[in-house]
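A short worksheet on the structure shown next.
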Amino acid sequence: MIPLSAEAFSDAETAFVTRLTPNRSDDPRDSFLLSSSASDSAWCGDHGVFSIGLTSADICGDVLLVDPKARRAERLIRRSPAQNSLLITEQCDQLCIMCSQPPKKTHWDRFAHFEQACRLAEPATTIGITGGEPTLHLPPLLAMMDKVLEARPDLFFHVLTNGQHFTGAACEQIPERVRRATVWGIPLYADRSELHDRIVGKFGAFERLLESMVHLLVHGARIELRTVLMQDNLSSLPVLARFISTNLPHIEQWSIMGLENIGFARSRWHALYADIRRDFSPVGQAIDHATLFGTRARLFNMPLCHLPPSYRPFAVASISDWKQRFSPSCFACSARSTCSGFFEWHPDHLVEEVVPL
Ligand code: SF4
């Protein structure tokens, strides 16, 4: 697995954001390479000399948050690939049964550092905003995004949100350039409140989500719906497809997603995991219906060999490189370059059961 943070040593008094460059540059936000060994590298910039427990080949070009007190450096924006996510908060007001990042009570406001990091991103990058629930801190989040887009109109944002906090007044506060450059990724697990609310662990969440969606769509927001597949909602997926194409035809995309074996899902794996190799028909029916009615449906986090051939074009190689895993057998597969593979933490026996194409 590719590390997203590493041990760091710096004499700076406070945490700072910097971009790592191979040579000295004119930009005071950059730090240039002094030396690199097989295990770490040393850099120099306006914040002095500092070292990172990763080689220059691994991190040159990255934008780091270096925290001298914690002796850690976080790779906030990596040089590649295009997917980069900023963890805004670990607080959340839902308690989803399969949550991959179980909520914490404390919040550390890092918006100033995130803004500096985004300004240093590669051109035309899409920056992911995740949590926890980022919109628990909606005013500073919108302010940060607006400042970034003012300085860097070439960037885009994708915000993962539970969609519980968009009122008409809140949507009025979304700046025009944020509205244009942002896709809101919102989970919807069922077509009815009883099942959706049970999955997200919050009574009334379904109704509030639909209200939020109306406000967002009225204000021209771009929405991607996300549905994680579980035993709980697999059989009702075709009904959910009908609900979406009837009631939410203006969304940009419906992403049907494989379950991650991490967080709460790890201890509940056998009760939650739906093996689509055994019964793909609800997924197939849902995609057929969505496609027929003009809703763009896509399959995320699902290896191509788990899908019937006619549904493979709907699959997206969606798993980020730092947490992506393949079986040794995958190296003989003709589809490897376009396959999502598995999450690093996927159960071994399922990874080993691949069927190279
Ligand atoms: S064999 Fe491996 S690379 Fe090929 S489709 Fe299956 S998981 Fe993907």
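Numerical summary
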read-out	value
All Cα pairs of region 1-64, percent lying beyond 15 Å	42 percent
Placed amide H near Ser318: partners under 5 Å, 5+ positions off or other chain	Asn301, Met302, Ser340
Amide H partners (placed H, <5 Å) of Arg72, local residues excluded	Ala8, Asp67
All Cα pairs of region 200-260, percent lying beyond 19 Å	35 percent
Gain upon complete extension [Ser329, His219; 0.36 nm per residue less C-alpha separation]	34.8 nm
Potential extension, Ser337-Ser35 segment - 0.36 nm per residue separation minus Cα distance	105.3 nm
Distance from region 180-200 to region 32-66 (C-alpha centre basis), Å	41 Å
Equivalent ellipsoid semi-axes - Cα gyration tensor, the chain, angstrom	36, 26, 18
Accessible carbon and sulfur surface of region 1-79 relative to its total accessible area, %, 1.4 Å	49 percent
Residues with amide H under 5 Å from that of Ala297, placed H, sequence gap 5 or more	Trp254
Rounded to whole Hz, the Karplus (6.51, -1.76, 1.60) HN-Hα couplings of region 246-255, x for glycine and proline	7, 9, 10, x, 9, 5, 7, 7, 10, 9
The chain, accessible area per residue, ligands and nucleic acids excluded (1.4 Å, Å²)	45 Å²
Distance histogram for region 165-204 (every C-alpha pair counted, 5 angstrom bins, percent rounded to whole numbers)	5, 19, 19, 18, 13, 15, 10, 1
With DNA, RNA and ligands ignored, accessible area of Cys92 (1.4 Å probe; Å², nearest 10)	50 Å²
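The values are calculated or read from the model by the stated rules, or taken from the named source; none is laboratory data. For clarity, every value in this text was computed on a predicted model and none was experimentally measured. The protein model used for the area step is the full one, side chains on, heavy atoms only, and it has no ligands, DNA or RNA in it. Shrake-Rupley method; radii C 1.70, N 1.55, O 1.52, S 1.80 Å.
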